[in-house]
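Structure, as structure tokens:
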Amino acid sequence: MSNLRILVVGASIAGPTAAYWFAKIGAKVTVIERFPQLRSGGQNVDIRTAGVSVMRKMPGMEDAVRASLVPVEGISLVREDGQSYGIMKASGDSEQQSLISEYEVLRGDLSRIIYGLTKDHPNVEYAFGEQVASIHQEQDDGPARVEFMNGRTTSEYDLVVACDGAASRTRAIGLGCGVRDHISPINSWVVYFTTKEDLLNGSQIVQAHSAPAGRFFVVGPEPSGNNRAVMMGINPRNGPDAVQAFREANKLGPTALKKYVAQYFKGAGWKSEAIIRNMIESDDLYGSEMIQVKLPTLHRGRFVTVGDAGYATGPTGTGTSLALAGAYVLAGEIGKHPHDLAAGLKGYEQQMRPLIDEMQKIPPLVPAIMGPQSAWGIWLRNNVFAFICWSNLPKLMHKLFGGASAHTNDIRLPEYKWAA
Ligand SMILES: Cc1cc2nc3c(=O)[nH]c(=O)nc-3n(C[C@H](O)[C@H](O)[C@H](O)COP(=O)(O)OP(=O)(O)OC[C@H]3O[C@@H](n4cnc5c(N)ncnc54)[C@H](O)[C@@H]3O)c2cc1C
């Protein structure tokens, strides 16, 4: 097993985690990333359930995450005038987390932490500014020959692992499909950015407000003292495609996207004017369509997908944990079948399927809770939230508002023997 040569594509969460665990089975790992450096952007991602288990198996990671936690005390839904309907707090128990995770961390910080745990390992090499151009596998059981886009020498690998996110181009190359094949749209979109002003006046309570037509915006604290903001356009899941204009604006770049989002949120009440102003002035706007990736199989020949590239979860909030779990299970299964890569890949698929199915479940109430379309729907959602906060029923809160993560607290990952 120690002679395996593995190419990992993408250096965000899944990629560096896969590198960590592949190094543990003695494989030689090359991680390539399209961007010229590690990407620092993104807002809070939370680590839950199986993600917590993997984190605790990586010495030093939990302490590093705890040292980088975003100072969030709770989340509140607010009226037009900023008055709160109630505050939902973290549960204080990593085994029974609420809507607010015990491990809320900026995506860029989490990526940096896992990269830091792997970058000096003698078996791991990172190459930035590179992408896969083609993958050829001549014999069924032979290595894959990979050509690169930006000058890296064509090389053979025993396994190519796509960790390049929900819109993975490597997935399309490796599975021989289109980039949008196997994507299940949610008919909604989201943009994230850092504000230049503190719109929360020092509060560590995340504040969220809804306006009719599924316009939902959230402002939260961030360690530097300014805020992280999220603006979402949530549309009925089975309604007509309402994301095309967003897709086009996003493709054109930040200026077009800012113009589109500003127009969309015009007159949305509460602090919408200040939020729009900060969005326009931001220099780290990141926009993405909310999608789920549903592959009939996670691997083909010497090619396999991990993280969002294989099973993006969309709005359930479990994508980061699933990516951590997937990277661990893939390396564990391959290590368990040292002379049979195909059996390792099959084991990975078998272990991951139930987890993916569970974590991709979007409870029927979630779209209505996140983005009520009418003023009446907003009123109802806010008052249910107020009642739950008032009655202090944390389990009910999590069940109604916590999405798929509410059902997965008891997930147990397989244990593996690690050679190195
Ligand atoms: C910049 C950024 C900001 C994000 N912000 C948030 C957020 O605020 N909240 C949230 O819940 N989720 C966010 N996400 C998504 C979140 O990180 C993932 O849902 C989850 O953590 C699973 O991670 P992943 O590693 O599978 O995929 P991703 O985090 O999407 O990472 C994919 C990586 O692959 C790289 N890549 C893409 N195409 C190629 C290619 N062809 N060749 C080589 N490399 C490639 C990307 O640059 C990226 O580094 C963000 C992702 C990114 C990239």
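The values are calculated or read from the model by the stated rules, or taken from the named source; none is laboratory data. Note that the structure is predicted; figures quoted are calculated from it, not measured. Every residue, glycine as well, gets a Cβ built from its backbone with ideal geometry; the counts of neighbours run over all protein chains shown.
Some observations on this one:
- Residues in the stretch 291-324 that are surrounded by 21 or more Cβ atoms within 10 Å (Cβ to Cβ) and among the hydrophobic types (A, V, I, L, M, F, W, C): 291, 293, 298, 303, 304, 306, 309, 312, 322, 323, 324.
- For residue 178, the test of being in a loop (DSSP other than H, G, I, E, B), among the small types (Gly, Ala, Ser) and in contact (Cβ under 8 Å) with a residue 24 or more places away in the chain is failed.
- Residue 279 within 24 Å of residue 89 (Cα to Cα) and either in contact with a Cys (Cβ under 9 Å, 6 or more places away or on another chain) or at pLDDT 95 or above (or both): no
- Tally of residues being buried (at least 19 other Cβ atoms within 10 Å of the Cβ) and out of contact with any strand residue (DSSP E or B) (no Cβ under 9 Å at 6 or more places or on another chain) across the stretch 58-69: 2
- Residue within the stretch 74-85 that is surrounded by 16 or more Cβ atoms within 10 Å (Cβ to Cβ) and either in a loop (DSSP other than H, G, I, E, B) or assigned by TED's automatic domain parsing to the domain that holds residue 319 (or both) present: no
- Any hit, the stretch 16-23, residues being near the ligand (Cβ under 10 Å from one of its atoms) and of a type in the set (S, T, N, Q): yes
- Among the residues of the stretch 222-231, those identified as surrounded by fewer than 22 Cβ atoms within 10 Å (Cβ to Cβ) and either within 16 Å of the ligand (Cβ to nearest atom) or modelled with pLDDT of 85 or more (or both) are 222, 223, 224, 226, 230.
- Qualifying residues in the stretch 288-311 (those that are within 25 Å of residue 246 (Cα to Cα) and hydroxyl-bearing (Ser, Thr, Tyr)) - the one farthest from the ligand (Cβ to nearest atom): 311
- Restricted to the stretch 24-45, and to residues there that are within 8 Å of the ligand (Cβ to nearest atom), not polar (S, T, N, Q) and not in a loop (DSSP other than H, G, I, E, B), the residue that is farthest from residue 194 (Cα to Cα) is 32.
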